[in-house]
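Read through the structure below, which is laid out as structure tokens, and then see the notes.
The values are calculated or read from the model by the stated rules, or taken from the named source; none is laboratory data. For clarity, every value in this text was computed on a predicted model and none was experimentally measured. FYI the Cβ positions are ideal-geometry reconstructions off the backbone, even for glycines, and counts take in every protein chain you see.
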Amino acid sequence: MHFWDQLDLFGDRTALIDSNGREWSYREIIEAADSMMEGWTGRHLLLLEMANRSDAIIAYIAALRAGWPVLIVSEGDEAAATRIVEVFRPAMRWRAKDGFVATEVNGPTTDLHPDLAVLLSTSGTTGSTKLVRLSARAVDANARSIGDYLGLSPDERAITTLPPSYSYGLSVLNSHLAAGATLVLNDASVIEASFRDLVDRHSATSFAGVPYTYELLERSGFLNALPASIRTMTQAGGRMPTDRVERVAALARAHGARLLVMYGQTEATARMAWLPPERLPELAGCIGQAIPGGRFDLVDPDTGTPTGGAGELVYSGPNVMMGYGEEAGDLARGQELESLRTGDLAEEVEPGIFRITGRKNRFIKMFGLRLSLDEIEREAARFGYPIAATGTDELLVLASEHPMPDNRLISRIAERYRLPEAQIVHCPYERLPRLASGKVDYRTLTQAAKRSASASEAGAQSDPLDAVRAVFRRSFPTRTIADDDSFLSLEGDSLTYINFVLGLEALLGPLPQDWQMLTVAQLATLAQPGLQPETIVTVEPNVFVRAAAPIMVVCSHAGIDALSGGAALLMIAAGQSFGKFGYGDLAAGRPGKVLRSFLLSVLIPYWLILIGYQATRGGLNLPDILLFNNFVPQRGPKPFETWFVQALFQAILLVIALSLIPSVRNLLRQRPSSATLALLVFAAMIGLVHRFFLMDVLSNHGEEMTYVFWLFALGLAAQFIETPRARLTALALACIMAVAIYGDDRSRMVSVGLGAIFLLWNRRIPVPRLLLPVLTLIGSASLFIYMMHGRAPVNSMTADWPIDIIRIGSGVLLGVAAYLAYDWVALRVRRILSERRGPRMRPS
């Protein structure tokens, strides 16, 4: 039996700990997987969008237990999924937002070989239509073999660091499930604080990484302060520099842990060799010995005949793939390989221990000379320059993550290999482009170098890192920007948000959901070479709502009743913005930082406008200034609907008060989706009580915080809830509340409903690129437009028109002017304060 058919042996042991902190037992995941299979008939190909989430893993287990071959792609990679559907015609598709659905492919269902279990793109080429066909025997054998040499047991707790759509990440999942161990599901980068927090909170005992993972861990200092619970670190996915292997192994030993260096390929179901940790640092640079059940041989790279010495490495074992699949018909073929020619050149340094010396296809032929790119990399390293070498038969490309002070390396390489210096190109990068596997993306390096070397494109290539830095500098003009800064670390808020995100998207294309936590350097790696401006672009729903809502408010107050509901949308957007920029500090127990941000971005301009206006009218209204006038009888002149800012401030105070309760703060930190959904339910109850029991008791008929708190909570929930069920629950609550609260105002009811759909499903909204500057300006000035538009002319020459253009236009312009003025003054105040404080100190 395969390991997925025996998971019930582990009963109530914990199998998965998801991002919300929920612990799934093996019994629970089997029940969930088997319930998914109910009603399944026949045997069909399933396209699975895989991620480190419990629902995706359960869907994977369900497919294996049902005997359905599963074709795995990365979650959210719609382009890859589309290509896969066109070529391989899967009958079913699973993704988080809608579960199992039929793909509705035209034509006959693909024939599937009875042994076929898993289909993966070759390492690093997510979405490639050249797939590796893996049998159930291969997947099972490799999982058990890995568990054997790692000594995995049910006491193991591995935290995920790699995507399960990548063969190495999938093998971590398989091997730990086969051993009855626990997987702590994590999608955060290893350099984020939340990764360390998860390791500590759940006492993770191991993690896996590619060479780049360990580079990041070393830079961040994580390895120097290795958590006490970590016992095992594994590394595969490419050769890690020998000096780093030695340093990481030494740090592991110093903390009572171990480092296992491994070697594998997707074609062998991930792993083929491992190096016993006690052989480090003696054998650093070696891949080690074959895994249990496997064997290595060395053959002539050209003839395939056995050699007595170095040669191409050939692996044999039960985990060898069935073969490749490049079209639907290939999925009917059976086992075609008994051994795997790896394409790697190797030598046997002692009986059974191997070292990779190069790659068979890592050669170029220039001027009749056959040059090993791996050898050139080693030569450069000996000279003191770590580089990635690639190229064509006309061009040798040396890419590095550090600038070269002179041309000595190029001269040395030219002399060593008898090449003209003009045929050697150096390309400096802040971060080398990498594949999903973490390996250097040599193809991108070659293409980039050829573009930069072309005379017609001289000077056209810009450094992505410099471009990202420029976006940061525009949004934070008084701050010194470092490459490890992020939007959140620089205390970005809702005022700088829209300018920042639209500037980045113009450079990088659509951003990942956690963009606000990514550093300058991490964002630069998202740059898409050759990205051309599109006529139609898409923007985040929050950006669109922030721009549309104030226009709706102005139009509604100008008499266009069909556009009412702008203030409600603005409150929802404010809740989501709070989730983006304030929730982390709130969950970490830093309420003062939350209040300071709100003071600078909202309260100071609110007070300036309010006091300036009221002072000219003969007196100050203290309840307005103290932010509780929305709960007392209205009196005195006011320049705008002050209740909105007051209700927003009170909502934030209520959330802060709740977070001061230790159990609530732990829930906010550990299970943000559940916490914010519970807050929405709580807010809905308050709103309904207000609507049906307090409306006539309280004096301001809906301007009180209790009446609108559910809107703020809806926006906050939209930032965190992930599953379709949670989204549907939130949408149902929003619709119930919209009908109960605004049932007699159809326009406002529809506005809230559409806003909830946009924000909950995070659907990006297409707009013409020409409108981006307008969206940026209006969205950034949304609060000011709301506060100032009431001071615009009321009786205008267009007052009798169907649309009072003068009143609407002047209201928007007045708000934008107020925003620009405040931004100008605030910038200069920040510069003065920054100069007085001196340069920002950074940790060493």
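Given the structure, is Thr103 crowded, with 16+ Cβ neighbours inside 10 Å, modelled with pLDDT under 95, under 30 Å from Ala290 (Cβ atoms) and β-branched (Val, Ile, Thr)? Here the answer is no, as Thr103 does not meet what is asked. Being within 24 Å of the chain's Cα centre (by Cα), surrounded by fewer than 24 Cβ atoms within 10 Å (Cβ to Cβ), part of a helix (DSSP H, G or I) and not aliphatic (A, V, I, L, M), is that true of even one residue in segment 136-147? Checking segment 136-147: not a single residue is within 24 Å of the chain's Cα centre (by Cα), surrounded by fewer than 24 Cβ atoms within 10 Å (Cβ to Cβ), part of a helix (DSSP H, G or I) and not aliphatic (A, V, I, L, M).
Suppose we keep only residues that are assigned to a helix (DSSP H, G or I) and charged (D, E, K, R) within segment 248-277. Which one would you say is surrounded by the most Cβ atoms within 10 Å (Cβ to Cβ)?
Glu267
Results for (1) touching a Ser or Thr at 6+ places or on another chain (Cβ under 8 Å); (2) modelled with pLDDT of 90 or more, shown as yes or no for each residue.
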| site | (1), (2) |
| --- | --- |
| Gln646 | no, yes |
| Leu658 | no, yes |
| Asn666 | no, no |
| Leu679 | no, yes |
| Phe682 | no, yes |
| Met685 | no, yes |
| Ala717 | yes, yes |
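Scanning segment 2-12 turns up no residue that is closer than 30 Å to Leu760 by Cα and surrounded by fewer than 20 Cβ atoms within 10 Å (Cβ to Cβ). Kindly indicate whether any position in segment 748-768 is among the basic types (Lys, Arg) and at pLDDT 85 or above. Yes. For segment 331-347, the set of residues classified as surrounded by fewer than 21 Cβ atoms within 10 Å (Cβ to Cβ) and farther than 19 Å from Arg239 by Cβ consists of Ala332, Arg333, Gly334, Gln335, Glu336, Leu337, Glu338, Ser339, listed by residue number. Selection of segment 640-689 for residues being under 26 Å from the mean Cα position of the chain (by Cα) and outside any helix (DSSP H, G or I) yields only Arg671.
Picking from residues in segment 72-82 that are surrounded by fewer than 24 Cβ atoms within 10 Å (Cβ to Cβ) and among the aliphatic types (A, V, I, L, M), the one that is modelled with the lowest pLDDT is Ala79. For segment 650-685, the candidate set comprises residues that are in contact (Cβ under 8 Å) with a residue 12 or more places away in the chain and closer than 16 Å to Gly702 by Cα; within that set, the residue that is surrounded by the most Cβ atoms within 10 Å (Cβ to Cβ) is Ala683.
The rows are residues; the columns are (1) surrounded by fewer than 21 Cβ atoms within 10 Å (Cβ to Cβ); (2) among the small types (Gly, Ala, Ser).
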{"position": "Val689", "(1), (2)": "yes, no"}
{"position": "Met695", "(1), (2)": "yes, no"}
{"position": "Trp710", "(1), (2)": "no, no"}
{"position": "Leu728", "(1), (2)": "yes, no"}
{"position": "Gly755", "(1), (2)": "no, yes"}
{"position": "Trp761", "(1), (2)": "yes, no"}
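Of all residues in segment 186-201, those that are assigned to a helix (DSSP H, G or I) and surrounded by fewer than 20 Cβ atoms within 10 Å (Cβ to Cβ) total 6.
Yes/no per residue for (1) assigned by TED's automatic domain parsing to the domain that holds Thr706; (2) at pLDDT below 90; (3) within 19 Å of Ala781 (Cβ to Cβ):
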position: Phe581; (1), (2), (3): yes, yes, yes
position: Ala588; (1), (2), (3): yes, yes, no
position: Gly592; (1), (2), (3): yes, yes, no
position: Gly612; (1), (2), (3): yes, yes, yes
position: Leu627; (1), (2), (3): yes, no, no
position: Pro637; (1), (2), (3): yes, yes, no
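For first residues located in segment 686-710 and acidic (Asp, Glu), partners that are buried (at least 22 other Cβ atoms within 10 Å of the Cβ) and modelled with pLDDT of 90 or more and lie 6+ apart or on another chain with Cβ distances below 6 Å form the pairs Glu703/Trp643. Is it the case, given these coordinates, that Ala228 is in a loop (DSSP other than H, G, I, E, B), touching a Pro at 6+ places or on another chain (Cβ under 8 Å), touching a residue at least 12 places away in the same chain (Cβ under 8 Å) and closer than 24 Å to Leu16 by Cβ? Considered against the rule, which asks whether it is in a loop (DSSP other than H, G, I, E, B), touching a Pro at 6+ places or on another chain (Cβ under 8 Å), touching a residue at least 12 places away in the same chain (Cβ under 8 Å) and closer than 24 Å to Leu16 by Cβ, Ala228 comes out as no.
Evaluate the following for Leu183: is it farther than 24 Å from Met322 by Cβ, assigned to a loop (DSSP other than H, G, I, E, B) and of a type in the set (A, V, I, L, M, F, W, C)?
no
Out of Glu379, Glu312, Glu350, report the one residue that is exposed (fewer than 13 other Cβ atoms within 10 Å of the Cβ) and more than 34 Å from the chain's Cα centre (by Cα). Answer to the check: Glu350.
Screening segment 309-402 for strands (runs of 3 or more DSSP E) wholly inside it with 2 or more residues that are touching a residue at least 60 places away in the same chain (Cβ under 8 Å) and not β-branched (Val, Ile, Thr) returns the ranges 323-325, 353-359.
Of the helices (runs of 4 or more DSSP H) contained entirely in segment 1-113, those carrying at least 1 residues that are within 20 Å of Arg725 (Cβ to Cβ) fall at 26-37, 54-66.
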